[in-house]
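So the structure is just underneath, and the comments pick up after that.
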Amino acid sequence: MSKEPVAVVGIGQTKHVAARRDVSIAGLVREAAQRALEDAELTWADIDAVVIGKAPDFFEGVMMPELYLADALGAVGKPMLRVHTAGSVGGSTALVATNLIAGRVHGTVLTLAFEKQSESNAMWGLSLPIPFQQPLLAGAGGFFAPHVRAYMRRTGAPDGVGSLVAYKDRRNALKNPYAHLHEHDITLEKVQASPMLWDPIRYSETCPSSDGACAMILTDRAGAARSPRPPAWMHGGAMRSEPTLFAGKDFVSPQAGKDCAADVYRQAGIADPRREIDAVEMYVPFSWYEPMWLENLGFAAEGEGWKLTESGVTELDGDLPVNMSGGVLSTNPIGASGMIRFAEAALQVRGQAGEHQVDGARRVLGHAYGGGSQFFSMWLVGATPPTS
């Protein structure tokens with residue numbers, strides 16, 4: 001039996017900020033869910049199941065919060081699932097929800113991801129000891145900076161590429177009313193002059209710590225037919241993982257990322273992603289990961305990703321826009337960051353991205369990764385139903 005086509009008919013986000021002290025976690029997630037329902041013109045009664053995801057529970061210090069969020073999300077008496085794949089969890093959560101519909105288990109599913117980082121300290125929560133290494137890192141940047149330096153050494157990329165990415169994404173964020181960072185006075189010179197945190201990563205080349213939630217309403221073909229607005233259709237979706245550490249692991253371009261992208265492209269019938277995909281919402285917590293992932297995802301040959309960035313290809317008006325919303329560099333409620341990438345890709349093909357809309361976007365990739373570059377989740381959405 002063929003899979004049921006899956007459509008995104010509702011999207012909701014909170015305004016992402018450093019601290020939402022006006023709401024509890026329950027209030028935060030309900031706000032995003034309510035906005036997604038309003039976008040789909042549905043009610044809580046229309047939802048068959050809820051799939052929720054977030055990053056490690058110690059980010060807020062509330063263990064298994066899904067146990068007390070059922071009421072806030074209209075899930076009393078309905079199936080509710082929790083997903084956790086570190087930073088990629090927002091994407092993985094959406095894919096678990098997608099599979100419930102594709103397998104005809106449920107007809108309409110609310111999927112949601114969140115983080116309320118202001119209630120803990122993610123910086124030190126991520127400063128975990130790494131086996132067989134000196135305990136010198138602080139935060140995720142301390143873990144990833146050597147991988148960035150390895151990329152620079154491997155490809156000969158010039159020092160300024162990271163600043164170009166940050167400058168682009170922060171300018172894009174100014175066009176997104178939900179983005180956390182709105183730096184109206186941002187200049188390339190300010191990015192380049194910002195303090196060095198983890199060589200070669202500067203302060204302005206890093207993601208913020210945000211409170212926020214993102215929700216989507218996914219449905220089957222019949223539900224999409226009733227949608228008052230154009231749906232986004234999933235053409236392909238996949239998850240892959242690999243260990244944090246193993247002999248021969250390529251931290252610059254992990255095999256799991258390559259395999260995940262290849263599976264998505266196979267499902268969607270994509271032979272040349274550089275030419276057949278119109279835009280990308282990519283998980284870039286540190287600016288150098290844009291050129292690194294461009295290569296990992298097959299948009300550029302090995303060693304060529306930084307050249308796309310440097311030449312302006314990934315600008316909002318470029319040939320392959322990347323992170324039109326401002327990306328993780330501008331908004332980072334960790335548990336929701338991957339789902340925001342998926343949701344923003346759907347907004348693009350629905351033509352609902354507002355000022356950061358890419359003209360004529362028909363097929364857009366959403367990408368997330370997590371852990372020590374070990375968990376990957378991606379989907380490709382289109383403006384028309386899949387052909388098979």
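The values are calculated or read from the model by the stated rules, or taken from the named source; none is laboratory data. Source: prediction; values computed, not measured. Please note: Cβ atoms are built from the backbone with ideal geometry, for glycine as well, and neighbour counts cover all protein chains shown. The area values use the complete protein model at the heavy-atom level, side chains included, leaving out ligands, DNA and RNA. Shrake-Rupley method; radii C 1.70, N 1.55, O 1.52, S 1.80 Å.
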- Message: Any residue that is under 16 Å from residue 293 (Cα atoms), in contact with a helix residue (DSSP H, G or I) (Cβ under 9 Å, 6 or more places away or on another chain) and either open to solvent by 10 Å² or more (accessible area, probe 1.4 Å) or in a helix (DSSP H, G or I) (or both) - is there at least one of those in the range 321-328?
- Response: no
- Note on the structure: Here the residues within the range 69-107 that are outside any helix (DSSP H, G or I), under 16 Å from residue 336 (Cβ atoms) and either open to solvent by less than 40 Å² (accessible area, probe 1.4 Å) or among the hydroxyl-bearing types (Ser, Thr, Tyr) (or both) are 69, 72, 73, 83, 85, 86, 87, 88
- Task: Scan 268, 256 and give me the residue that is in contact with a Ser or Thr (Cβ under 9 Å, 6 or more places away or on another chain), crowded, with 17+ Cβ neighbours inside 10 Å and more than 21 Å from residue 318 (Cβ to Cβ).
- Result: 256
- Query: Does residue 29 satisfy the condition of being in a helix (DSSP H, G or I), open to solvent by 20 Å² or more (accessible area, probe 1.4 Å) and either of a type in the set (Lys, Arg) or closer than 19 Å to residue 336 by Cα (or both)?
  - Reply: no
- Subset of the range 38-59, residues open to solvent by less than 20 Å² (accessible area, probe 1.4 Å) and more than 21 Å from the chain's Cα centre (by Cα), comes to 40, 47, 49
- Sort out which residues of the range 286-300 are within 20 Å of residue 160 (Cβ to Cβ), open to solvent by less than 10 Å² (accessible area, probe 1.4 Å) and part of a loop (DSSP other than H, G, I, E, B), and write them in order of number. 287, 288
- Filter the range 182-225 down to residues that are closer than 28 Å to residue 20 by Cβ, open to solvent by less than 40 Å² (accessible area, probe 1.4 Å) and of a type in the set (A, V, I, L, M, F, W, C), then give me how many there are. 10
- Note on the structure: Scanning the range 271-285 residue by residue, the ones that are among the aliphatic types (A, V, I, L, M) and open to solvent by 10 Å² or more (accessible area, probe 1.4 Å) total 1
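Can you report the number of residues in the range 158-181 which are basic (Lys, Arg) and open to solvent by 50 Å² or more (accessible area, probe 1.4 Å)?
Narrowing the range 158-181 to residues basic (Lys, Arg): 168, 170-171, 175.
Pick out the ones that are also open to solvent by 50 Å² or more (accessible area, probe 1.4 Å) and you get 171, 175.
Looking only at that region, the number is 2.
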- Task: Report, by residue number, each residue of the range 303-321 that is of a type outside the set (D, E, K, R) and free of Cβ contacts under 8 Å to residues at least 60 places away in the same chain.
- Result: 308, 311, 312, 313, 318, 320, 321
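Yes or no, residue by residue, for (1) part of a strand (DSSP E or B); (2) more than 30 Å from residue 121 (Cα to Cα); (3) open to solvent by 10 Å² or more (accessible area, probe 1.4 Å):
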site: 302; (1), (2), (3): no, yes, yes
site: 315; (1), (2), (3): no, yes, yes
site: 338; (1), (2), (3): no, no, no
site: 347; (1), (2), (3): no, yes, yes
site: 358; (1), (2), (3): no, yes, yes
site: 365; (1), (2), (3): yes, yes, no
site: 373; (1), (2), (3): no, no, no
